[in-house]
Amino acid sequence: MFDQVMLGFIGGGNMGGALIKGLTAAGLPRPDQILVHDVDRDRLRDLESSYGVKAVDSLTDLVATATIVVLAVKPQVMNRVLTELKGRLPHRPLIISIAAGVAIDTIARGLGEDLPIVRVMPNTPALVQESASALARNAAVSDHQMEQALKLFEAVGVAVAVEEKLMDAVTGLSGSGPAYVLQFVESLIDGGVLMGLPRPIARKLVVQTVFGTARMILETGRHPAELKDMITSPGGTTISGLQVLEAAGLRGAIMDAVEAATLRSRELGRPQPDAPA
Ligand SMILES: NC(=O)c1ccc[n+]([C@@H]2O[C@H](COP(=O)([O-])OP(=O)(O)OC[C@H]3O[C@@H](n4cnc5c(N)ncnc54)[C@H](OP(=O)(O)O)[C@@H]3O)[C@@H](O)[C@H]2O)c1
């Protein structure tokens, strides 16, 4: 699937670097098929020496050979990068953007042509190769190209295809989701400390509890409620704890959080009145 591919990264920071790490660990594609360009020369050399990928000092040289171009720069510098790329893509590479909140149309307009574009929303666990990514494509992307894009993001976790109109919901769920989980984890640790456990021990127990529970859901394929019922014995400790969470409205609060983050993402995606055209 990647035999003829030259994968070019523009931006090798947190996300670009994490993707390069995952892809080279998976050998998908081979390191000598991965090019990276970054304005930070030290970072570029680090990526080259750590992963055996090819550091390219000029953006023009990178896009001339890349068959897939990954835009991994911050949304604020995206316009500048698109302007630099404009007119340099006659070979019609697949463009993959991971910039949060930047619509496919904005990228197409910036590049000035109807190129195949995939927009991806990964999340921060990509830094430890456990990202949940959602990918949306425009009409110019072939099924084969979409499969390639999904495979690339599966190298750093799981990846699903969605319609672009669902990207705000993805942002509110898995994009912001690590923060919800972290707040939950922090509260559990504090609960353990409140009940007298030393903090490092509470932390160790909580992190493994969350990790193990996630793994149990994945490996058994059973409904979360069914797994919960298995540890909720009549008149026992767990049902007493659950009663408090229900009374506090935990479930409603979490659903509201996803809704609020989704609506905020939608709002941020709307053209701002003072934004340059
Ligand atoms: N981090 C996340 O959790 C996360 C999650 C989902 C999506 N994303 C998206 O991923 C993208 C990258 O985020 P990140 O956290 O990886 O950012 P980052 O660590 O700042 O990485 C971006 C890299 O691109 C470099 N750069 C800036 N201008 C450039 C240019 N014109 N040409 C080439 N390289 C350039 C930056 O160098 P300097 O540092 O010197 O500017 C930096 O090394 C963003 O669009 C973000 O929305 C990130």
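Set against the 2.2 N^0.38 Å expectation for a compact globular protein, the chain has a Cα radius of gyration ratio of 1.16.
According to the Kirkwood expression over distinct Cα-Cα pairs, how big is the hydrodynamic radius of the stretch 214-274, in Å? Write down the numbers at each step before the final one.
On the way: mean 1/r = 0.0679 Å⁻¹.
When all Cα pairs of the stretch 214-274 are included, the Kirkwood radius is 14.7 Å.
Evaluated with a Cβ-only charge set (Lys, Arg +1; Asp, Glu -1), the stretch 7-167 carries a dipole of roughly 160 debye about its Cα centre, given to the nearest 20. Principal-axis analysis of the Cα atoms of the chain puts helix 14-26 at an angle of about 90° to the longest axis. Simple point charges give the picture: +1 on the Cβ of Lys and Arg, -1 on the Cβ of Asp and Glu, and for the chain a dipole about the Cα centre of about 280 debye.
Report, in deg cm²/dmol and to the nearest 500, the calculated mean residue ellipticity at 222 nm for the chain, where each DSSP H run with n ≥ 4 adds -39500 (n - 2.57) and the sum is divided by the residue count. Before the final figure, lay out each step's value.
Values: 12 runs with 144 residues, N = 277.
The helix contribution divided over the chain gives -16000 deg cm²/dmol.
Within the stretch 119-277, DSSP assigns beta bridges of which about 40% are antiparallel (rounded to the nearest 5).
Taken over the chain, lysine pairs spaced eight or more positions apart, or on distinct chains, with alpha carbons under 24 Å apart number 11. Where both bridge residues fall in the stretch 87-164, DSSP classifies roughly 35% of the beta bridges as antiparallel. For the peptides 88-97, 9-18, the ranking by mean Cβ contacts within 10 Å, running from highest to lowest, is 9-18, 88-97. By its C-alpha gyration tensor, with a ≥ b ≥ c as the square roots of the eigenvalues, how is the stretch 1-150 shaped: rounded for a/c under 1.5, else prolate for a/b larger than b/c, else oblate? Rounded, because the longest to shortest axis ratio a/c is under 1.5. Distances between placed amide hydrogens fall under 5 Å for V160 paired with S133, A134, L135, all partners being 5 or more residues away or on another chain.
Read-outs: derived from the displayed coordinates by stated rules, not from any lab. Quantities reported herein were computed from a predicted structural model and do not represent experimental measurements. All Cβ positions, glycine included, derive from the backbone under ideal geometry; neighbour counts span all protein chains shown.
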